[in-house]
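Here the structure comes first, spelled out in structure tokens, and everything after it is commentary.
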Amino acid sequence: MSTAKLMMKQVTQTYGDGDGAMTVLNQLDLTVNEGEFVAVLGPSGSGKSTFLSAAGALLTPTSGEIFIDGEPLSHKNKSALTELRLRKIGFMFQSAQLLPYLKVEEQLLYVAKLAKLSIKEAKERSSYLLKRLEIWERRNHYPEQLSGGQKQRVAIARAWMNKPAILFADEPTASLDFSRGREVVRMIADEVTSEGKAAVMVTHDERMLEWCNRVYHLQDGVLVEQ
């Protein structure tokens, strides 16, 4: 039986009060199980960023409950949420957002240090991911020495470095051409399958959905399955 890596129950996010109140998420429900790669589509302004922030424990919703790998978020304080993100969640963003002063392998080892992996485990994990994503030969290069596609490969490796239960990818192909974008999405899907993890990708590009198990549109604050 698969285990839910993400469960959102009746999640509502409202900004403002009274007549000026705006509901961005409206009793939204979503379950993403182990081994599933889910895409969420929606135009600019539809609430995708709010959805991702709530799901990734970066934003506390107005109401409802969110579970990450079985852990409820509502009763956790700020430090507990930070710890949960380090242990359970990986993030990818539109741009790779690599630290310019760290070489490729150092980017991964920095995450490992935050996640409190042992030095031995961190070195083994970084080597495995860099080789799997075919970026090992660039491990001693700085971000400025990498192509856009190589940067995103490093970003994928970094996102998986702490062995998260779930990966959240925010427009991970926006800065890439079509072929490189498809390759990045395939790599995310491969990691989800091979490691028994889960992933949620927010995107506006419907050409990137080939490897997704389910596709939703965010409409009027709720997810509608395509």
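The values are calculated or read from the model by the stated rules, or taken from the named source; none is laboratory data. Because the structure is a prediction, the values reported are computed rather than measured. Neighbour counts run over all protein chains shown; Cβ positions are idealised from the backbone, glycine included.
Looking only at region 33-51, filter to residues that are more than 16 Å from M22 (Cβ to Cβ) and of a type in the set (D, E, K, R); which one of those is surrounded by the most Cβ atoms within 10 Å (Cβ to Cβ)?
E36
If I filter region 184-211 down to residues being touching a Gly at 6+ places or on another chain (Cβ under 7 Å) and assigned to a helix (DSSP H, G or I), which single residue comes out as surrounded by the fewest Cβ atoms within 10 Å (Cβ to Cβ)?
Selected residue: T193.
So is S79 over 21 Å from H217 (Cβ atoms), touching a residue at least 12 places away in the same chain (Cβ under 8 Å) and either under 15 Å from the mean Cα position of the chain (by Cα) or outside any strand (DSSP E or B) (or both) or not?
Here the answer is no, as S79 does not meet what is asked.
Considering every residue within region 180-203, establish whether at least one is of a type in the set (K, R), closer than 26 Å to L25 by Cα and without any contact (Cβ under 8 Å) to a residue 40 or more places away in the chain.
no
Can you give me the number of residues within region 92-119 that are surrounded by fewer than 18 Cβ atoms within 10 Å (Cβ to Cβ), of a type outside the set (S, T, N, Q) and at pLDDT below 90?
Of the residues in region 92-119, 3 are surrounded by fewer than 18 Cβ atoms within 10 Å (Cβ to Cβ), of a type outside the set (S, T, N, Q) and at pLDDT below 90.
Yes or no: V24 under 18 Å from V202 (Cα atoms), of a type in the set (A, V, I, L, M), out of contact with any Leu (no Cβ under 7 Å at 6 or more places or on another chain) and surrounded by 15 or more Cβ atoms within 10 Å (Cβ to Cβ)?
Here the answer is yes, as V24 does meet what is asked.
Test E225 against the stated conditions and say whether it is closer than 12 Å to V38 by Cα, in contact with a strand residue (DSSP E or B) (Cβ under 7 Å, 6 or more places away or on another chain) and surrounded by fewer than 15 Cβ atoms within 10 Å (Cβ to Cβ).
yes
From the list R125, R85, pick out the single residue that is touching a Gly at 6+ places or on another chain (Cβ under 9 Å) and among the charged types (D, E, K, R).
Answer to the selection: R85.
Out of R180, R158, I need the residue that is modelled with pLDDT of 85 or more, crowded, with 16+ Cβ neighbours inside 10 Å and of a type in the set (K, R). Which one?
Criteria check complete, one pass: R158.
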